[in-house]
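The values are calculated or read from the model by the stated rules, or taken from the named source; none is laboratory data. What you see is a predicted model, and the numbers here were worked out from it, not measured in a lab. Cβ placement follows ideal geometry from the backbone for every residue including glycine, while neighbour counts extend to all protein chains displayed. All accessible areas refer to the heavy atoms of the entire protein, side chains included, with ligands and DNA or RNA removed. Shrake-Rupley method; radii C 1.70, N 1.55, O 1.52, S 1.80 Å.
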Amino acid sequence: MQSLDFSAYRNIVVLTGAGVSAASGIQPFRGQGGLWKDINPFVVADVSVLETNPLSIWQLFGKLRTQLETAQPNAAHLTLAKLEAQLSASQKFTLITQNIDGLHQRAGSLNVIELHGNVNYTRCSNHTCSLTSYLDKYSHQELLPICQLCNSPLRLDIVLFGEQIPVKQEWLVKQSLRDCDLFIAIGTSGTVWPAANFVRSAHYVGARTIFINLEPMKPQNPYFQEEYLGLAEELLPLLFNYEY
Ligand SMILES: [Zn+2]
């Protein structure tokens with residue numbers, strides 16, 4: 001397999017999904033082998049549950065927070081961090097992730113846009129409260145945590161079903177894709193949002209577009225010019241010419 005030459009690109013945008021974290025023992029929420037295979041996430045992780053049963057949201061995601069105490073970034077995370085570190089000062093690198101595990105940052109990635117938030121962070125459920133999001137090691141599965149400033153329930157700093165992607169994240173994504181010349185989607189479906197939308201934008205501005213995933217696209221998304229199939233933690237070190 002010929003490795004990619006990144007030197008010619010000025011603005012590299014990478015999108016990652018669950019396939020990148022699988023080798024770190026982070027199960028996807030949905031689909032086969034998913035954490036939520038027996039429940040309907042659209043019902044139990046809907047934003048309305050914050051009102052009706054906020055503790056259940058903590059119980060649902062608390063498992064993941066606990067898992068992350070021992071989970072480690074894998075070769076896919078490390079390769080992306082290494083690429084970012086090795087680019088020249090004139091090259092821009094943006095890593096957009098759908099994952100909420102924070103493993104890209106732990107691997108050393110710097111410019112990360114978390115589309116769906118970060119499960120390791122806690123914030124206040126009251127929009128007008130001044131409490132800022134903070135790194136929280138407790139999983140709060142037994143008792144609903146309460147904000148010390150306003151007495152509202154605290155919540156995970158993640159995007160629930162029925163919630164919008166935060167405006168700032170959305171803006172940053174648009175900015176990065178506007179003059180992107182290399183777009184790579186890794187470990188995510190190439191046929192639905194967000195990869196399908198992002199690749200269309202990247203293609204529109206003339207970027208080279210690459211799809212890397214365990215499963216092929218079904219149906220094929222014509223905006224992806226190249227497709228590499230396999231495990232992210234195996235393919236990325238090969239494609240990026242890094243060894244571990
Ligand atoms: Zn508060």
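Figures for the structure shown
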| read-out | value |
| --- | --- |
| Tilt relative to the chain, helix 195-204 - C-alpha long axis, 0 to 90 degrees, to 10 | 40 |
| Taking the chain and dividing mean pair separation by its residue count, relative contact order in percent (alpha carbons under 8 Å, at least six apart) | 25 |
| Stokes-Einstein D (µm²/s) once Rh is taken as the Kirkwood radius of region 67-155 over alpha-carbon pairs, at 37 °C in 0.692 mPa s | 219 |
| List 127, 104, ordered by accessible area with a 1.4 Å probe, largest first | 127, 104 |
| Helix 167-178 axis, angle to the chain major axis (alpha carbon atoms, nearest 10°) | 0 |
| Potential extension, residue 111-residue 66 segment - 0.36 nm per residue separation minus Cα distance | 13.7 nm |
| Structure-based [θ]222 nm, the chain - -39500 (n - 2.57) summed over DSSP H runs of at least 4, per residue, nearest 500 | -8000 deg cm²/dmol |
| Residue 208 long-range amide H proximity, modeled H, under 5 Å | 182, 183 |
| Cα centroid separation - region 132-163 against region 35-67, whole Å | 12 |
| Two-site FRET efficiency, residue 242 against residue 7, from Cβ-Cβ distance with R₀ of 22 Å, rounded to 0.05 | 0.90 |
| Angle between the chain longest axis and helix 54-67 axis [Cα atoms, degrees, rounded to 10] | 50 |
| Under the Debye formula (equal points on every Cα, no solvent term), log10 I(q)/I(0) of the chain at q = 0.07, 0.08 Å⁻¹ | -0.24, -0.32 |
| Heavy-atom SASA rank of 44, 20 (probe 1.4 Å, accessible area, largest first) | 44, 20 |
| Note, ³J(HN,Hα) from phi for region 86-100, Karplus 6.51, -1.76, 1.60, rounded to Hz, x at Gly and Pro | 8, 6, 7, 4, 8, 9, 9, 10, 10, 10, 9, 10, 8, 6, 10 |
| Values of log10 I(q)/I(0), in the order q = 0.14, 0.17, 0.22 Å⁻¹, for region 110-244 under a Debye, Cα-only, solvent-free model | -0.81, -0.99, -1.28 |
